Every structure is written in structure tokens, then in C-alpha cells.
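**Student:** Have a look at this one.
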Amino acid sequence: EKRLPAARRYIVERKLNEHLRGDEDHLGIVMQGGLWNTTLRGLHVLGLADTRGRTPVPLLVLNAIHPLVPEELIDFLRDKRRVLVVEEGMPNYIERELKALAHEARLGVEIQGKDVFSPHGEYVPQLVIDGLRRFLVSAGMKAQSSGAIEDRYHALTAHREKIAAVLPEPVAKRPPSFCTGCPERPVFSALKILRQREPAIGDTHVAADIGCSTFSTQAPFNVGNSVLGYGMGLASSSAVSPLFGKRTIAVMGDGGFWHNGLTNGVANAMYNRQDSVLVILDNFYAAATGQHHVPSTGKNARNEPLAMTIPAALRGLGVKWIRTVNSYRIAEVMGTLREALTTRVPGLKVVIARNECMLERQRREKPRLRQHAAAGREVVQARFGVDPDVCTGDHSCMRLNGCPSLTLRESADPLREDPIAHVDDTCVGCGVCGEVAHAAVLCPSFYEVRVITNPTRWTRFVSRMRVAVIRRLAAATA
Ligand code: SF4
Ligand code: SF4
């Protein structure tokens, strides 16, 4: 009784909702504030708004969608013949409320919304533009003829028919995944290999977490049985662990660990003597939100040095079994996980898999290397490749890796129908391709090369010597 009227007064007094008047006063559009950009963009491409958002179509932009203010809505509807509601989500509360208000106030306005757009799904530009076109053409405009609106719409969408002719089947969706060379990916390669090759140990409940590491729940890893919330993996696994009959694994990033995993996960596990394994992916930042600094980054947001570390925080809570591994060394990660899952030591076991977020590293390294190359200095970059003569095209490396730079190409061998693996130019040489092939005992197709820009005389000399030795050896064994 008090709060709703007070909220409505607040909305009106602060002018939270915007009523933008226009010359086409027989019609109007009511929209959720969040759909203003899409709607204005739609009007613009149909020739009914300029790039500054000025339009002859009257608009009511509801930046506050609860509570609705009946006086505002009736004021907008009055004297209009047609009104369109752009409202994402179902049920269509705004559209229903408008219809009820118009009925009570005996206004002769026709209100449309979901029937013009769609009762379900996201209000993507394609859907909004099509709905706007249909509404505006049927309502009739003074500023633009219906034919002109249709012509613009056709020009905008004509390419779709061509695409449909070229691609009769929808293109397969590619699940979002870790960046090229991400240091978190190999940890999930290790978990997947362990699960496949040693199911008695590795096939257990994995509580995933929020962050880049959530990609592990998607193909090709499909590692992660549950996701509760940011930093909540270990806390959630405490409910499962006692019932599971074997040790479970919780995986969280360093961001999740500092956010609340330290308290509600680790402190809770120590308090309840939880016998399970925690894997912390220490990539030095809260990477998924934009490489924000965390306490273990080594510097705070003002770049002042810090000495806070994850092992010190764990030891502070009494964790004794802590191992730190290089996340790119898959065999080492597997060995440490095996040990954590089988050791007789009771209580919480923590494996910290460390390496810097590759996205952040490349943002720093690429400009530096470009500068060095431009200055004529020698620059050496590692790259991986696949020997097309050795690759059998069974793609087992991809099922354990999923790096965007590891892709497919047609085999030049007419006897092989399947496409073969191929590493494209975006490879950053993290080495995981070779590590996966080694740890999972795959075919020896992968090779590593060094791409050298501005080689020095010494580098050229060594290269010539190597070529000469290889030629002699090849001739001797031919
Ligand atoms: S942002 Fe960093 S941690 Fe996240 S997927 Fe990319 S490389 Fe990995
Ligand atoms: S070595 Fe393999 S996993 Fe690493 S960046 Fe290159 S293609 Fe990707």
C-alpha cells in the first residue's frame, strides 16, 4: 500500500521512463529500456530514425519496468490508434497491462506485441526489425511509404536467400571454448585422459566452477558434473563427497578461490574434514571478467607489490597436502592428480595448476615482438604443426585438446577420405599438442618448429650446418 505508490512517485519524479514524442502521433512504440538500442537500430535501418536516435515514431522507453505507472501508460496510449510493445520474455506483462489499462480507460487503441514478434526466444535484431517492418507497414506512416519500408527491408535481407542456396543445412554450432594456448585447457586434457585410461581413479564426480574453466563442461572435454556458482565448486562437492564412495574433484579458478572459495569451500572442507581433491587453476587473474587482478596476481590495482599467495592462504587454514604443477605439463598434472586421488593422507588435497592466462600474455608479448622485429632484432616464436604424411585423420588429438588453432584440412592423399589435423597460423606454441600426443600415446604427427624473424649470422650458420648434417644422414640411410 505504501511502497508501490512511493515507487511509482519516485519513477515519475525522477523521470526514469522517457516519453519521446514524434510526428506520427497516431501510432507509438512502448519498449523495455534494455531494448532501446535494438529498436532504434531497427527504425534506423528501415529509414525511420537518424544515427542520433531521432525518429518521427513516438516512443515510451520503460527504463523502470516495475512497477508500471498507469498514468504514464494511459497518457502515452491516449489518441493513438496503433501501439506496438517491444517486450522480451514471457509472460508479456507490459503488453497485458497496457491492454487492461486501455480497456478500463475505454481507449480505442489496438495494442500488439508478441503476435508481431515472437512468443519466445531472444529479441535479436533480425526478429525486431522484421516485427517493426510488419507493424509500421500495416499501421501506415506519413514520413515513409510502406513500399519504401519494404524496399529497405528487402535490401537488408536479400543476402539470406543467397546464403540459404549456398548452405541448405544450418552450419554446425561451435561451442565456446578456451582461447588458443590457454593454460587451463591442458588440465582438462589431463582429467579426461585420466578418466578414460584409469576410470577406477579418474572417473569421479567433478564439481566445476564459474569462469573460463566452465568451458570444461562443453565438448571436447565434457568434464564437470555440476556448477553451483562462483567459487562454490568445493562447497557443493562437500554434499556429494561422503555419498560417492570415492574422492571427488572440485575445480575452481584463482578468481573463484579468492572470491569465496577460500572461506565457504576450503574453510568448510577443513572444518568438516572433507576427504576430497581441489584443483585451483592459477592463471594470475580473474581472466573471464577481463584479467582483473586478484590477491595472488602479485600486484594490486594500483600496481603496488603484494606477497599474498594461494599456498600461504591454504596453509593458514591448515591444509597440509598442497602441490603446485606446471599446467602445460600434462603427464605431470596427471601424475599429481593420481597421487591426490589415491594417497592415504586424509583430508583436503589441493593441486595448484599454474601458468599465466594466454590472452593476457599475448596482449603483452605480441606488441613487444612486433617492435623487436621492426627494429631488426632477431625474434624467435614457437609453432606446432602436423605432418600430413603421418596423420591418420582419426582426430583423437582434437577430442583431447579443443584448441581453436588445431583444425582440419583436406588430405592430399587420395587414399584417405577423412580430413587430417592441421595447426593454423594462430598457434602460439604453448606445446599442449605435443603434450597431449605424448600423454595419451597418440600418433607422432606433431612437430615443433621455431619461426625466426631477422635471423642473425650465427643463427643462419647453425641452420646451414643442421641442413648439411641432415642431408648427409638422409643420404647415408637412403
Ligand atoms: S581468458 Fe585466459 S584463462 Fe580464460 S580462456 Fe582465455 S587464455 Fe584461458
Ligand atoms: S601448440 Fe597446439 S594447443 Fe598450443 S596453441 Fe598451438 S595448436 Fe593450440
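**Student:** Within the bounds of region 317-330, is there any residue that is part of a strand (DSSP E or B) and among the hydroxyl-bearing types (Ser, Thr, Tyr)?
**Tutor:** For region 317-330, residues part of a strand (DSSP E or B) and among the hydroxyl-bearing types (Ser, Thr, Tyr): present.
**Student:** Going by the conditions given, is ALA313 hydrophobic (A, V, I, L, M, F, W, C), within 16 Å of ligand 2 (Cβ to nearest atom) and surrounded by fewer than 20 Cβ atoms within 10 Å (Cβ to Cβ)?
**Tutor:** No; evaluated as a whole, the condition is false for this residue.
**Student:** Has region 383-405 got any residue that is within 8 Å of ligand 2 (Cβ to nearest atom) and of a type in the set (D, E, K, R)?
**Tutor:** Yes, region 383-405 contains a residue that is within 8 Å of ligand 2 (Cβ to nearest atom) and of a type in the set (D, E, K, R).
**Student:** What pairs come out if I take residues in region 157-178 that are within 30 Å of CYS357 (Cα to Cα) and pair them with residues that are surrounded by 10 or more Cβ atoms within 10 Å (Cβ to Cβ) and among the aliphatic types (A, V, I, L, M) whose C-beta lies under 7 Å away, six or more apart or interchain?
**Tutor:** From region 157-178, the pairs are PRO175/ALA219.
**Student:** To continue, here is another question. If we keep just the residues of region 396-408 that are touching a Leu at 6+ places or on another chain (Cβ under 9 Å) and under 13 Å from PHE446 (Cα atoms), which is nearest to ligand 1 (Cβ to nearest atom)?
**Tutor:** The qualifying residue nearest to ligand 1 (Cβ to nearest atom) is MET398.
**Student:** Quick check: anything in region 375-395 in contact with a helix residue (DSSP H, G or I) (Cβ under 9 Å, 6 or more places away or on another chain) and within 16 Å of ligand 1 (Cβ to nearest atom)?
**Tutor:** No - not one qualifying residue is present in region 375-395.
**Student:** Also, quick follow-up: Which condition breaks for ARG133 when tested against (1) among the basic types (Lys, Arg); (2) outside the structural domain of ASP254 (by TED's automatic domain parsing); (3) within 16 Å of ligand 2 (Cβ to nearest atom)?
**Tutor:** Every listed condition holds for ARG133 apart from (3).
**Student:** Still on this structure, I have one more. From the list GLY347, GLY376, exactly one residue is more than 15 Å from ligand 2 (Cβ to nearest atom), farther than 26 Å from ALA312 by Cβ and touching a residue at least 40 places away in the same chain (Cβ under 8 Å). Which is it?
**Tutor:** GLY376
**Student:** Would you mind listing the helices (runs of 4 or more DSSP H) fully within region 146-265 where at least 2 residues are within 30 Å of GLY131 (Cβ to Cβ)?
**Tutor:** 146-166
**Student:** Here is a follow-up. List the helices (runs of 4 or more DSSP H) inside region 35-138, counting only whole elements, that have at least 3 residues being free of Cβ contacts under 8 Å to residues at least 12 places away in the same chain.
**Tutor:** In region 35-138, the matching helices (runs of 4 or more DSSP H) lie at 93-104.
**Student:** Against the definition (away from ligand 1 (no atom under 16 Å from the Cβ) and of a type in the set (Ser, Thr, Tyr)), how does SER411 come out, yes or no?
**Tutor:** yes
**Student:** Here are some residues: ALA440, ALA468. Which one is in the same structural domain as CYS397 (by TED's automatic domain parsing), small (Gly, Ala, Ser) and touching a residue at least 60 places away in the same chain (Cβ under 8 Å)?
**Tutor:** When all the criteria are applied, what remains is ALA440.
**Student:** Can you pull out the residues in region 130-147 that are in contact with a Ser or Thr (Cβ under 9 Å, 6 or more places away or on another chain) and either buried (at least 22 other Cβ atoms within 10 Å of the Cβ) or basic (Lys, Arg) (or both)?
**Tutor:** GLY131, LEU132, LEU136
**Student:** Could you figure out which of (1) buried (at least 16 other Cβ atoms within 10 Å of the Cβ); (2) farther than 23 Å from CYS212 by Cβ isn't true of LEU406?
**Tutor:** Going through (1) buried (at least 16 other Cβ atoms within 10 Å of the Cβ); (2) farther than 23 Å from CYS212 by Cβ one by one, LEU406 breaks only (2).
**Student:** Please verify whether SER189 is surrounded by 21 or more Cβ atoms within 10 Å (Cβ to Cβ), of a type outside the set (Asp, Glu) and touching a residue at least 24 places away in the same chain (Cβ under 8 Å), treating the condition exactly as stated.
**Tutor:** yes
**Student:** Let me ask you something else. For region 418-452, give me each residue that is touching a Lys or Arg at 6+ places or on another chain (Cβ under 6 Å) and crowded, with 17+ Cβ neighbours inside 10 Å.
**Tutor:** Result: CYS427, GLY429.
**Student:** Scan region 273-295 for residues that are among the aromatic types (Phe, Trp, Tyr) and either crowded, with 24+ Cβ neighbours inside 10 Å or assigned to a loop (DSSP other than H, G, I, E, B) (or both) and jot them down.
**Tutor:** The one that is among the aromatic types (Phe, Trp, Tyr) and either crowded, with 24+ Cβ neighbours inside 10 Å or assigned to a loop (DSSP other than H, G, I, E, B) (or both): PHE284.
**Student:** Scan region 316-334 residue by residue and report those that are of a type in the set (Gly, Ala, Ser) and crowded, with 16+ Cβ neighbours inside 10 Å.
**Tutor:** Correct list: SER327 only.
**Student:** Among (1) in a helix (DSSP H, G or I); (2) charged (D, E, K, R); (3) farther than 30 Å from THR459 by Cα, where does LYS366 come up short?
**Tutor:** Every condition holds for LYS366 apart from (3).
The values are calculated or read from the model by the stated rules, or taken from the named source; none is laboratory data. The structure displayed is predicted, hence computed values, not measured ones. Neighbour counts are summed over all protein chains in view; Cβ atoms, including those assigned to glycine, are modelled from backbone coordinates with ideal geometry.
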